[in-house]
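Structure first, then comments.
Just so it is clear, none of the values below were taken in a lab; they were calculated from the coordinates. Owing to the predicted nature of the structure, the values given are computational and were not obtained by experimental measurement. Here Cβ is always computed from backbone atoms with ideal geometry, including for glycine, and neighbour counts include all displayed protein chains.
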Amino acid sequence: MGRSSPFKVEALKGKVALITGGASGIGFEIATQFGLHGAAVALMGRRSHVLQAAVEALRSQGIQAIGLEGDVRRQADAARVLEATVKRFRKLDILINGAAGNFLASPEDLSPNGFRTVIDIDTVGTYTMCHESLKYLKAGGLGKAPSEGGLILNISATLHYTAAWYQINVSAAKAAVDSITRGLALEWGTDYDIRVNGIAPGPIAATPGMRKLAPEEMKSRIRDDIPLFKLGDKWDIAMAAIYMASDAGKYINGATLIVDGGLWLSHPRIIPKEEVKQLSRLVETKSRKDPVGMPPKSKL
């Protein structure tokens, strides 16, 4: 399996997972590792060509995988993708909400519509997928035993634990996602035996978000702020997800696991705002040439 995993290869054998945003970045690494540990995976995303390439890459490793085009903001898309997943694999055990949007913008330049765009993808999209998945994930749901509830895993962030320049949009969105995690863990854990947890990645190398929000000029400074003095890998997040999804995490409910090398413990971001402003212009110029995730314009 390439890099050695601490988990048995059959840790997720027989499980079926739907991963939004699963065709790239952290989501794709989670899909890969879930597949290598025995799960069948369905990927949901908005770009058909990216989905197709991701599915082909997974299948080349012997992983059962399908790609389903859809927008998490649309309830009809969520319902259709979930139905197609269960139709193909006969059940659903795990929903991972990894679809997200972000772009750099100062509050002065961030219109309410631009703010709403990130909230719609990260927060409303997460809740929409959770809401539509209930009938499949609950104990006794389609293809599930009366005593077998599922798992929802929400990918969050650490920005809102302190504060960060030009990130009020995603900070608000992810704070809401953390609240959804806790609320559903209480409600659905009690009523339906569904565990709901989260993972909050810190700076993770070689991800679309890192390329967009932290160009090469900033990476050494970020490393210096992390108590472990290194960036995380996508593999680190995937291993945390396997832990949550396997029997090792069967009694964890309502928790958001921080995977950031201890950065959130150190101090608020101290890069001067003017420097972030200059870097944001550089990043957004590059994004126009190679768009990743959200539109680069700050006024929508």
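Can you order the peptides 119-130, 57-68 by their average number of other Cβ atoms within 10 Å per residue, highest first? Could you put the intermediate results ahead of the total?
Details: 119-130: 22.2, 57-68: 17.0.
Final packing ranking: 119-130, 57-68.
If packing is taken as the mean number of other Cβ atoms within 10 Å per residue, what is the order of 173-183, 83-93, highest first?
On the way: 173-183: 19.9, 83-93: 17.9.
So the peptides 173-183, 83-93, ranked by packing, come out 173-183, 83-93.
As a quick test, which of the pairs Lys138/Lys250; Lys15/Lys230; Lys8/Lys174; Lys230/Lys273; Lys13/Lys91 have an alpha carbon distance above 25 angstrom in this structure? Could you put the intermediate results ahead of the total?
On the way: Lys138/Lys250 15 Å; Lys15/Lys230 33 Å; Lys8/Lys174 32 Å; Lys230/Lys273 23 Å; Lys13/Lys91 14 Å.
The pairs that break the limit, which is 25 Å between Cα atoms, are Lys15/Lys230; Lys8/Lys174.
For a paramagnetic label modelled at 7 Å from the Cα of Leu265 toward its Cβ, which residues of region 134-172 fall within the zone defined by backbone nitrogen distances under 16 Å?
What the label zone holds, given the 16 Å backbone N cut-off, is 162.
Residues with beta-carbon under 11 Å from that of Val72, excluding Val72: net charge, scoring Lys, Arg +1 and Asp, Glu -1?
On the way: positive: Arg46, Arg73, Arg74; negative: Asp71, Asp77, Asp120, Asp122, Glu132.
The answer is -2.
Pull up all non-local amide H partners of Gln64: gap of 5 or more, or a different chain, and H-to-H distance under 5 Å with H placed in the peptide plane.
Val41
Residue by residue, what Karplus-based ³J(HN,Hα) values in Hz, rounded to whole numbers, does region 76-89 have, using 6.51, -1.76 and 1.60 with θ = phi - 60° and x for Gly and Pro?
The phi angles translate into 5, 5, 4, 4, 5, 5, 4, 4, 5, 4, 5, 4, 6, 10 Hz.
What is the fewest-to-most order of Ser171, Ser266, Ser156, Ser147 by other Cβ atoms lying within 10 Å of their Cβ?
Ser147, Ser266, Ser171, Ser156
How much length would be gained if the chain were fully extended between Lys8 and Ala248, taking 0.36 nm per residue of separation minus their Cα-Cα distance, in nm to one decimal?
Details: separation 240, 0.36 × 240 = 86.40 nm, distance 1.13 nm.
Gain in length upon complete extension: 85.3 nm.
Provide the gained length on full extension for the span Asp191 to Arg47, in nm with one decimal, where the gain is 0.36 nm per separating residue minus the Cα-Cα distance. Mind dumping the intermediate values first?
Working: separation 144, 0.36 × 144 = 51.84 nm, distance 3.58 nm.
Contour length minus Cα-Cα distance gives 48.3 nm.
Between Ala255 and Lys277, what FRET efficiency follows from the Cβ-Cβ distance if R0 is 51 Å, with the result rounded to 0.05? Provide the component values of the computation, followed by the final result.
Details: r = 36 Å, r/R0 = 0.70.
Rounded to the nearest 0.05, the efficiency is 0.90.
Show me 41-50, 244-253, 19-28 ranked by packing, highest mean number of other Cβ atoms within 10 Å first. Could you put the intermediate results ahead of the total?
Details: 41-50: 20.9, 244-253: 15.9, 19-28: 27.1.
Ranked by mean Cβ neighbours within 10 Å, highest first: 19-28, 41-50, 244-253.
Between Rg and the Kirkwood Rh of region 64-120, both from Cα atoms, what is the Rg to Rh ratio? Numbers along the way, then the final one.
Values: Rg = 15.6 Å, Rh = 13.7 Å.
Radius of gyration relative to Kirkwood radius: 1.14.
Compute the signed sum of charges (Lys and Arg +1, Asp and Glu -1) over the other residues within less than 12 Å, Cβ to Cβ, of Lys135.
Numbers: positive: Lys91, Lys138, Lys144; negative: Glu83, Glu132.
Result for the neighbourhood of Lys135: +1.
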